[in-house]
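Peer 1: Let me give you the structure first, and then I'll get to my questions.
Computed from the coordinates by the stated procedures, all read-outs in this text should not be read as laboratory data. Predicted model, so just to flag it, every value in this text is computed and none were measured. Here the Cβ positions follow ideal geometry from the backbone for every residue, glycine too, while neighbour counts run over all protein chains shown.
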Amino acid sequence: MELRTVLVVGTGLIGTSAALALRKRGVRVLLADREPGAVRLARELGAGEEWHPMKATPAAGEAGGQATAQPSERVDLAIIAVPPAHVATELLELQRIDAARFYTDVASVKAEPIHRAAQLGCDLGAYVASHPLAGREKSGPGAARDDLFLGRPWALCPTEEADPEAKAAVLRLIELCGANAVEVSAVDHDRAVAVVSHAPHVAASAVAARLADATDVALGLAGQGVRDVTRIAGSDPGLWLGILSGNASPVAEVLEAVANDLADAASALRALAEGDGTATNEITQLLKRGVAGHDRIPGKHGGPASSYAVVQVVIGDRPGQLARLFQACDEVGVNVEDVRLEHAPGLPLGIAELSVEPDAAGTLTEALHERGWQVP
């Protein structure tokens, strides 16, 4: 299945990122959005050209008669990149004008949009729902990247009615974007993302909400840990309300389980504060379960999580410092698996934490010392 022309409806982060990835692979991309400014910005970023959906033609058999609306161009695949609540209506509108041979969506909820599409009478044979498991805490076309999906899982949820060619078109889309296809039922998908995406976002927001009334002293002591936990809490609340509303029951189940764990931990800590030393057992068990769960998160390239050594380097807050540091790593042949930056409040410097293979840590530390870097 070749995709020569693709229509992207919704030029936010995901839609524009898909468009940029497709353009990089030579696919012609048409762009549509209810916000003209979003289309304009996506177009200026090189994501494609604006879609003009309708053209007027004389009615059949009536030369010079009343004009009827026809699709200006039928594309190979239409990607519906809108909030979950609007997927089915967008699909219906596109199918009414025969805008594409096949259709998919990239919303983060699957069961409800498919159910609604069936209720509206959409052609489910030409439609395969999908969801790329990639994103950023930023939104809008300005945050889009052509490599956003590289190596990331991309779920596709074909129904029994789905045409094999429609599925092949979506698989080709996933391949062109550099993602890894994972076929799963819509119900299983929604339960899975409740655990790994939706409930964690609410939990991060709950932690971040405590900071709204925190003292200046507390905020002045904030380190990398609280930044890591609350990073995703900076996302658009309106966007996330739509996501959570579409997957409400599975998310509620996960949050209830988390809330029970937190309530038990709070009770144990109260008991500990009152002198009950046995309460430490319950807290320890929760912490151990947390470690076990963390260790199950897939690592690089989707395989088992790897254990890396961390080399800390003091780095100045000046242009070009990271480039110099990475150049030094390249010179000694050490691959940096991950990097984190922690800034020192009130000082023009910070700490770069370089994750490397354990047997390379000593080599890198010695080489950085020789090149004048401060390695604690």
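Peer 1: Net charge near Lys167, counting Lys/Arg +1 and Asp/Glu -1 over other residues with Cβ under 13 Å of its Cβ?
Peer 2: Net charge around Lys167: -4.
Peer 1: Let me ask something else. Hey, could you get me the Stokes-Einstein D for the stretch 190-298, Kirkwood radius over alpha-carbon pairs, 25 °C and 0.890 mPa s, rounded to whole µm² s⁻¹?
Peer 2: 155
Peer 1: For the stretch 238-330, treating each Cα as an identical point scatterer without solvent, what Debye log10 I(q)/I(0) comes out at q = 0.22, 0.24 1/Å?
Peer 2: -1.07, -1.15
Peer 1: Going down the table (Lys24/Lys167; Lys110/Lys167; Lys24/Lys110; Lys138/Lys288), which pairs top 26 Å between alpha carbons?
Peer 2: Among Lys24/Lys167; Lys110/Lys167; Lys24/Lys110; Lys138/Lys288, the Cα-Cα distance tops 26 Å for Lys24/Lys110; Lys138/Lys288.
Peer 1: I'm checking a number: the convex hull volume of the Cα atoms of the chain, normalised per residue, in Å³. What is it?
Peer 2: Convex hull of Cα atoms, per residue: 193 Å³.
Peer 1: Figure the gain on full extension for Asp236 and Val187 (residue separation times 0.36 nm, minus the Cα-Cα span) and round it to one decimal in nm.
Peer 2: 15.1 nm
Peer 1: Sticking with this structure for a sec: How many angstrom lie between the C-alpha centres of the stretch 306-357 and the stretch 213-263?
Peer 2: About 28 Å separates the Cα centre of the stretch 306-357 from the one of the stretch 213-263.
Peer 1: Determine the sum of side-chain charges near Ala88: Lys and Arg each +1, Asp and Glu each -1, restricted to other residues whose C-beta is under 13 angstrom from that of Ala88.
Peer 2: -2
Peer 1: Would you mind telling me the antiparallel percentage of the DSSP bridges in the chain, rounded to 5?
Peer 2: 55
Peer 1: Separate question: Provide the net charge surrounding Leu3, with neighbours chosen by a C-beta distance below 11 Å and charges set as Lys +1, Arg +1, Asp -1, Glu -1.
Peer 2: That works out to +2.
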